[in-house]
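Here the structure is laid out as structure tokens; the discussion comes afterwards.
The values are calculated or read from the model by the stated rules, or taken from the named source; none is laboratory data. Small disclaimer: the values here were computed from a predicted structure and weren't measured. Cβ atoms come from the backbone with ideal geometry, glycine included; neighbour counts cover every protein chain shown.
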Amino acid sequence: MKITVAKNSGFCSGVRRADSGVRRLLGSDSGRLFTLGHLIHNRLYNEQLKELGVNNIDLEDVRDEIEKDTTQKMTLIIRTHGIRKEEEELLSKYKKIYPNFDYIDMTCPFVKKIHMIADENTDDSTIFLLFCDPDHPEAKGILSYVHGQYAAFSSIEEFQSIKIGDKTPVLCSQTTQNLNIFKKIKEILKKLYTNAIFFDTICSVTENRQNEAVELAKSSDAMIVIGGRSSSNTHKLYDLCKLECANTLWIESEDELNTDFPDNAKSVGITAGASTPDGIILEVLKKMENEKDFSSLLEESLKTLHTGETVTGTVESIGKNEIKLDLGTKVTGVLSKEQITEDADADLSAMFKVGDKVDVFVIQVKDSEGIARVSKIRVDKDNSWVYLKEAFDKGEVVEGNVVSVVKGGVLLSYMNNNVFIPASQTGVEKGQELSVLVGTTQKAKLLEFDEAKKRAIGSIKAILVAEKKAKEEAIWSTLEVGQHFMGTVKNLTQYGAFVDIGGVDGMVHNSELSWKRIKHPSQVVSVGQVIDVFIKELDVEKKRISLGYKTQEMDSWFQFTQKYKVGDIVPAKIVSILPFGAFAEVYPDVDGLIHISRISTQRVNSPADVLTVGQVVDVKITEIDDENRKLALSIRAITEAAEKAAAAAKAAEEKAKREAEEAAEAERIAQERADMAPYIVGSI
């Protein structure tokens, strides 16, 4: 009987990363170890972890467990499927409160990527559509990052019942879902909604595993699928294999190999879920050998060790500067410290323990010496290179730390690999030092990817431009004529000032900066000044904003007319003299004309004969032309009024004098008559 084990069987890179991480913690100073929920969906593996002292705990019990013994350190490991956003926020809070508590995030990078997609691509205008098992912890974690409406579904029928309405649909998938069904859903959505946004988030490892399993099932008389009953990706493998091969058996361990397995099968295919340890697969093979007399099975499964291969070794011994590995061949693997970590001070005994499984790259095989030089760093980099390649193929964003400035740009470290960012793509302004980026976390879009040379070129600037554009679009959707903003003056031109009103720029024309005529905006504002502006005109299509700055309250003419009226007498400063009269400032920036005929009651040949620039005189407001903003002033009116008042006073004085004289004369006459009365005949 021919037995074929699928190449993509057992632990995926994400699960292997989590497994290695947990095993490194064992025996270290991490204190009491717990996993938040099951680290992976494999019962036997989780039971093994429990035997090693790593216990499973629910979130609601974490605080009690921390406070049970505050003198001993407690480390919590987040499962590969991830947790909800609010759960991680709570753990972060605990970490700040309790010095003895820490947590390690072992969420699969592919799952983390979907968290970021949900967080950055959803709002009140979208509906997030997730193809998943709604009860799966991975799905619950993803949906916690959604802003706005969402819908979770596990079949095409469920998808077709979702009411999307006028929302923009954003489609994603749980990493372990059936790729063919997802493609069908995607095609349906494309036809119904031209504005739909798609993200292909089924893990590439899952995709390859499913494709390989299907092809193997087609060519086999029987199939064995190994994996936990609660494992989503194992369930999908079983369903896919069952469609192609009726004799498909799903088992968790070798104990479940039973009489249902066909004895007359000439070819048997074996595949395993991403959470199935290699040891369980090997045990199944051993039992098949014992029960089915497959004497050559294990021999065929052992590969000859070659330079350039990636193999899994078991730690045999740990030294100060190297560890030795059992590679399952006649040679021993030698893993030096520099091929494990870039930290020269690292303690290998704290990182590994005897029995640990380590994936390594074979650098050199020396059969004569019985050793093989191997590298763990190379494997780590190759694993992360897979993620970089996928990010490039899908046009996705990567995030990492800027570690150094190099010739022509900077290096951004992403999962042990470097992405070169040219200076022109850093987003740093010309003339500014690139070193300002070193030590910062930045997002970048991959522009070029050379798989053969393992070289990636990215752009931070592209992300900054995209973020700025998205921010601007969001702002544009809220703008309305008449809105007021406290804006910052960004730039001055000959014809006006450009003002940032919170992410977009508008222009204040010179005519809108002041009520009086100005030659340059610097006469009113300066770069960096914060001013109160309002939208006068808005052209959304052309992305143009016309801003206003001057208001009626700022208008000197308005202020003047509120304070004075025709007939008022005010002091005025002569500002210019012309042949036909003189202009005088009666209020800041408000001038009026004193016509030559209104300067004096006497004939004036030239205004300059009686007035000088800078002279302050009292004038009477004789006319206010509000429409044309013109004033008529008169000095003569004041003089004439004074002369008239003086003449009236003189006339009144003369009249009073006459009346007094007449009264005195009348009194004299009356007295004379009184004196004469005795002598007048008839008076006796």
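Scanning region 407-430 finds no residues that are under 26 Å from Glu309 (Cα atoms), surrounded by fewer than 14 Cβ atoms within 10 Å (Cβ to Cβ) and more than 24 Å from the chain's Cα centre (by Cα). Residues that are surrounded by 18 or more Cβ atoms within 10 Å (Cβ to Cβ), at pLDDT 90 or above, within 30 Å of Glu207 (Cβ to Cβ) and charged (D, E, K, R) are absent from region 324-347.
Say we look at region 450-480 and pick out the residues that are surrounded by 12 or more Cβ atoms within 10 Å (Cβ to Cβ) and more than 23 Å from the chain's Cα centre (by Cα); which of these is nearest to Ile531 (Cα to Cα)? Going through the qualifying residues, I end up with Ala456.
I'm checking my understanding of the structure. Among residues of region 51-64 that are charged (D, E, K, R) and within 22 Å of Gly21 (Cα to Cα), which one is modelled with the highest pLDDT?
Asp58
Evaluation of Val619 against the conditions (1) in a strand (DSSP E or B); (2) of a type in the set (A, V, I, L, M, F, W, C); (3) more than 23 Å from Phe580 (Cα to Cα) shows that the sole unmet condition is (3). Checking each residue in region 318-376 for being assigned to a strand (DSSP E or B) and touching a residue at least 60 places away in the same chain (Cβ under 8 Å) picks out Lys357, Val358, Asp359, Val365, Ala372, Val374.
The rows are residues; the columns are (1) assigned to a loop (DSSP other than H, G, I, E, B); (2) of a type in the set (Ser, Thr, Tyr); (3) at pLDDT 90 or above; (4) outside the structural domain of Ser634 (by TED's automatic domain parsing).
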residue	(1), (2), (3), (4)
Thr561	no, yes, no, yes
Phe583	no, no, yes, no
Asp591	no, no, yes, no
Thr601	yes, yes, no, no
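How about region 443-457: which of its residues are among the charged types (D, E, K, R) and more than 11 Å from Val398 (Cβ to Cβ)? Hits for region 443-457 are Glu448, Asp450, Glu451, Lys453, Lys454, Arg455. Taken together, the criteria exclude Lys113 from residues that are assigned to a helix (DSSP H, G or I) and either more than 17 Å from the chain's Cα centre (by Cα) or surrounded by fewer than 19 Cβ atoms within 10 Å (Cβ to Cβ) (or both). Scanning region 419-447 for residues that are free of Cβ contacts under 8 Å to residues at least 24 places away in the same chain and part of a strand (DSSP E or B) turns up just one, Leu447. No other residue among Glu390, Glu399 is surrounded by fewer than 19 Cβ atoms within 10 Å (Cβ to Cβ) and assigned to a helix (DSSP H, G or I) apart from Glu390. Please enumerate the residues belonging to region 515-525 that are in contact (Cβ under 8 Å) with a residue 12 or more places away in the chain and either touching a Lys or Arg at 6+ places or on another chain (Cβ under 7 Å) or over 16 Å from Leu547 (Cβ atoms) (or both). Passing the criteria: Trp515, Lys516, His520, Ser522.
Going residue by residue through region 526-537, is there one that turns out to be closer than 24 Å to Leu631 by Cβ and without any contact (Cβ under 8 Å) to a residue 60 or more places away in the chain? Within region 526-537, not a single residue is closer than 24 Å to Leu631 by Cβ and without any contact (Cβ under 8 Å) to a residue 60 or more places away in the chain. Kindly check whether there is at least one residue in region 182-199 that is crowded, with 22+ Cβ neighbours inside 10 Å and assigned to a loop (DSSP other than H, G, I, E, B). No.
The set of residues in region 353-378 being buried (at least 17 other Cβ atoms within 10 Å of the Cβ), more than 12 Å from Leu335 (Cα to Cα) and not basic (Lys, Arg) consists of Asp356, Val365. Taking the conditions (1) surrounded by 15 or more Cβ atoms within 10 Å (Cβ to Cβ); (2) touching a Ser or Thr at 6+ places or on another chain (Cβ under 9 Å) in turn, Val438 satisfies each one other than (1). Does Lys542 meet the test of being closer than 30 Å to Ile475 by Cβ, assigned to a loop (DSSP other than H, G, I, E, B) and assigned by TED's automatic domain parsing to the domain that holds Leu513? Spelling it out, Lys542 is indeed closer than 30 Å to Ile475 by Cβ, assigned to a loop (DSSP other than H, G, I, E, B) and assigned by TED's automatic domain parsing to the domain that holds Leu513. Just one residue in the set Val533, Val499, Val525 is surrounded by 19 or more Cβ atoms within 10 Å (Cβ to Cβ), assigned to a loop (DSSP other than H, G, I, E, B), outside the structural domain of Leu633 (by TED's automatic domain parsing) and of a type in the set (A, V, I, L, M); that residue is Val525.
Under the condition of being free of Cβ contacts under 8 Å to residues at least 40 places away in the same chain and buried (at least 17 other Cβ atoms within 10 Å of the Cβ), which residue from region 218-245 is farthest from Thr4 (Cα to Cα)? Among those residues, the one meeting the criterion is His235. Only one of the numbered conditions (1) in contact with a strand residue (DSSP E or B) (Cβ under 6 Å, 6 or more places away or on another chain); (2) free of Cβ contacts under 8 Å to residues at least 60 places away in the same chain; (3) of a type in the set (Val, Ile, Thr) is not met by Ile475, and that is (1).
Phe485 - would you say it is modelled with pLDDT under 90, aromatic (Phe, Trp, Tyr) and more than 15 Å from Ile501 (Cβ to Cβ)? No, not satisfied. Against the list (1) in a helix (DSSP H, G or I); (2) under 23 Å from Val15 (Cβ atoms), the condition Gly228 fails is (1).
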